[in-house]
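The values are calculated or read from the model by the stated rules, or taken from the named source; none is laboratory data. Since we're looking at a predicted model, the values are computed, not measured. Here the Cβ positions follow ideal geometry from the backbone for every residue, glycine too, while neighbour counts run over all protein chains shown. To get the accessible areas, we keep the full protein, side chains included, count just its heavy atoms, and leave off ligands, DNA and RNA. Shrake-Rupley method; radii C 1.70, N 1.55, O 1.52, S 1.80 Å.
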Amino acid sequence: MKILGIEHIAIATEDLQRAALFWREVLGIEHRAGEEVESEGVLTNIFDTGKGKVELLSELGEGSPITKFLDKRGPGIHHICLEVDNIKEAICELKNVDVELINDTSKIGAEGHRIVFIHPRSTGGVLVELAEKPGSDET
Ligand code: CO
């Protein structure tokens, strides 16, 4: 597995629009996309610094993991995402060394990335997402 860099840092918010004001108006970071990711139960608002993104998250629908997170820990950093060259390979390698994954196989997340989450118990306390960008395994 090769880690290609930090893709984004995700922040759980109670009020997406209000939080977005800070990132867009105060810091002046380009707003790149807003997306409903139903598979994850999240609404996203993505800001791109050009050297790593900030992804604001809020709850979407009943039983959203964001609702659970906010209830338990309040607003704040929800996960960090590392870009990998090959997610299948990464999953295999992690399983081989008994790292605890949230889901067994990759799924499609925001921006069409192929993603998997690693449990905070295995990472030093923060949820870690691995993401392979679309098309990166087609060469
Ligand atoms: Co993410």
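The table below gives the values:
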read-out: Qualifying positions in the stretch 43-58 - more than 15 Å from GLY76 (Cα to Cα), buried (at least 20 other Cβ atoms within 10 Å of the Cβ) and in contact (Cβ under 8 Å) with a residue 40 or more places away in the chain; value: ILE46, LYS53
read-out: Any hit, the stretch 59-81, residues being in contact with a Gly (Cβ under 8 Å, 6 or more places away or on another chain) and in contact (Cβ under 8 Å) with a residue 40 or more places away in the chain; value: yes
read-out: Number of the condition not met by ASP98 [criteria: (1) open to solvent by 20 Å² or more (accessible area, probe 1.4 Å); (2) under 17 Å from GLY5 (Cα atoms)]; value: (2)
read-out: Residue check for GLU30: in contact (Cβ under 8 Å) with a residue 24 or more places away in the chain, farther than 17 Å from GLU129 by Cα, open to solvent by 40 Å² or more (accessible area, probe 1.4 Å) and of a type in the set (Asp, Glu); value: no
read-out: Residues that are more than 14 Å from the ligand (Cβ to nearest atom) and at pLDDT 90 or above, drawn from the stretch 37-59; value: THR49, GLY50, LYS51, GLU59
read-out: Selection from the stretch 95-113 of residues that are of a type in the set (Asp, Glu) and touching a helix residue (DSSP H, G or I) at 6+ places or on another chain (Cβ under 9 Å); value: ASP98, GLU100, ASP104
read-out: Pick from the stretch 1-19, criterion away from the ligand (no atom under 13 Å from the Cβ) and within 21 Å of ASP71 (Cα to Cα), ranking: most open to solvent (accessible area, probe 1.4 Å); value: ARG18
